[in-house]
1. When only residues in the stretch 123-138 that are among the hydroxyl-bearing types (Ser, Thr, Tyr) and within 15 Å of the chain's Cα centre (by Cα) count, which is nearest to PRO101 (Cα to Cα)?
2. Does VAL254 meet the test of being away from ligand 2 (no atom under 15 Å from the Cβ), in contact with a helix residue (DSSP H, G or I) (Cβ under 8 Å, 6 or more places away or on another chain) and more than 21 Å from ALA97 (Cβ to Cβ)?
3. PHE66: over 14 Å from LEU284 (Cβ atoms), at pLDDT 95 or above and out of contact with any Asp or Glu (no Cβ under 7 Å at 6 or more places or on another chain), yes or no?
4. Spot the failing condition for LYS252; the list is (1) surrounded by 15 or more Cβ atoms within 10 Å (Cβ to Cβ); (2) more than 30 Å from VAL117 (Cβ to Cβ), and only one is missed.
5. Against the condition among the aromatic types (Phe, Trp, Tyr) and touching a residue at least 24 places away in the same chain (Cβ under 8 Å), how does PHE219 come out, does it pass?
6. What tally of residues in the stretch 261-317 results from selecting those that are in contact with a strand residue (DSSP E or B) (Cβ under 8 Å, 6 or more places away or on another chain) and within 27 Å of GLU62 (Cβ to Cβ)?
7. What's the number of the only condition in (1) of a type in the set (Val, Ile, Thr); (2) farther than 26 Å from ALA106 by Cα; (3) surrounded by fewer than 17 Cβ atoms within 10 Å (Cβ to Cβ) that THR174 fails to meet?
8. For PHE105, work out the one condition from (1) surrounded by fewer than 22 Cβ atoms within 10 Å (Cβ to Cβ); (2) over 19 Å from VAL69 (Cα atoms) it doesn't fulfil.
Amino acid sequence: MFAATQSAAPRLDQVERIAQLRQQRRAVILAHYYQEDAIQDIADFIGDSLELSRKAANTDAEVIVFCGVHFMAETAKILSPQKTVVLPDLNAGCSLADACPADGFAQFKAEHPDHVVISYINCSAAIKAQSDLICTSSNAVAMVQSVPNDQPILFAPDQNLGRWVSRQAGRELTLWPGSCIVHETFSEEALLGLKAAHPDAAVIAHPECEQHLLDLADFIGSTSMLLNYSQSSEASGFIVLTEPGILHQMRKAVPSKEFYAVPGLDGCSCNACPHMRLNTLDKLEQCLETLEPAIELNESLRLQALKPIERMLELSR
Ligand code: 13P
Ligand code: SF4
């Protein structure tokens, strides 16, 4: 279904061309940690979903090249409508966003009329527009805790994140049944094998993982939180339960430590996000040349989707 490709080793002429185009276009290149190494190395800023949305809201560049997936570039456009926002491959979607269609979600909301709606940023603008508050994996617990205790909450679209947040915050949440195709495919058997082989290594996990894996983790957090933990923790090695793109920054930050990516079920490499990995250096260069594909949004939808994002940014200052 997906043609996930990896760029060959970056050519010097291409790296120079991208730098030249970035200057000509007055562009900023933002990249999520799940992008391939060559894209991370060329980006102006690398971050998790919250940091990238803050950056998109505050940049003075005229063009934002968003090396991530569609909902991230769309969030950048919602926050910075006057800027051109391009995504190297428009097909870079997200299984969580796809698992939550606007009409089905409207029906779900209608069945729970008294609930406040908190949506994970991994959803479409149409879902954000139906939400009271957006969260990311780094602030989800705080966003839930910002809602008065007697107020019931709908949480969408990631049930694994929702279950973890519910335990952390001590709050019952009504969950939309979505999940991430990457974080639900880690092999527990392979994880246990890595733990046995490296008993001193800490297990660090993204909260999109299933509960039976989170139960084995020493530390749980967003991609940036995992990266920070790998630097501040005294452990000499880390078994990492999230998309392996983050290992590039971990190895750069602390080259003296060992990092082990947990494989998917049956030893497959399906823990690389097939959506994120659609972006390549060639497509990045191409979109800087043409300023396409650009994200376009209906203005009234944008304004509705903006409100819960701004509320999140306000609450997580
Ligand atoms: P964070 O960037 O919040 O860690 O989320 C990871 C993710 O799955 C993005 O799609
Ligand atoms: Fe979506 Fe999962 Fe890929 Fe993140 S890793 S973009 S949640 S499919």
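1. Step one: of the stretch 123-138, the residues among the hydroxyl-bearing types (Ser, Thr, Tyr) are 124, 131, 136-138.
Checking which are within 15 Å of the chain's Cα centre (by Cα) leaves us with 124, 136-138.
Details: SER124: 8, THR136: 19, SER137: 21, SER138: 24 Å.
For the stretch 123-138, the residue satisfying everything is SER124.
2. Values: away from ligand 2 (no atom under 15 Å from the Cβ): yes; in contact with a helix residue (DSSP H, G or I) (Cβ under 8 Å, 6 or more places away or on another chain): yes; more than 21 Å from ALA97 (Cβ to Cβ): yes.
So VAL254 passes the test.
3. On the way: over 14 Å from LEU284 (Cβ atoms): no; at pLDDT 95 or above: yes; out of contact with any Asp or Glu (no Cβ under 7 Å at 6 or more places or on another chain): yes.
No: the conditions fail for PHE66.
4. Here LYS252 meets the rest and fails (1).
5. Values: among the aromatic types (Phe, Trp, Tyr): yes; touching a residue at least 24 places away in the same chain (Cβ under 8 Å): no.
No.
6. First, pick out the residues of the stretch 261-317 that are in contact with a strand residue (DSSP E or B) (Cβ under 8 Å, 6 or more places away or on another chain): 261-265, 270-271, 276, 279, 284, 287-288, 291-295, 308-309, 311-312, 315.
Okay, now just the ones that are also within 27 Å of GLU62 (Cβ to Cβ), so 276, 279, 284, 287-288, 291-295, 308-309, 312.
Selection size over the stretch 261-317: 13.
7. The failed condition is (2).
8. Condition not satisfied by PHE105: (1).
The values are calculated or read from the model by the stated rules, or taken from the named source; none is laboratory data. Computed from a prediction, not measured in an experiment: that's the story for all the values here. When we count neighbours, we look across all protein chains shown, and the Cβ atoms used for this are built from the backbone with ideal geometry, even at glycine.
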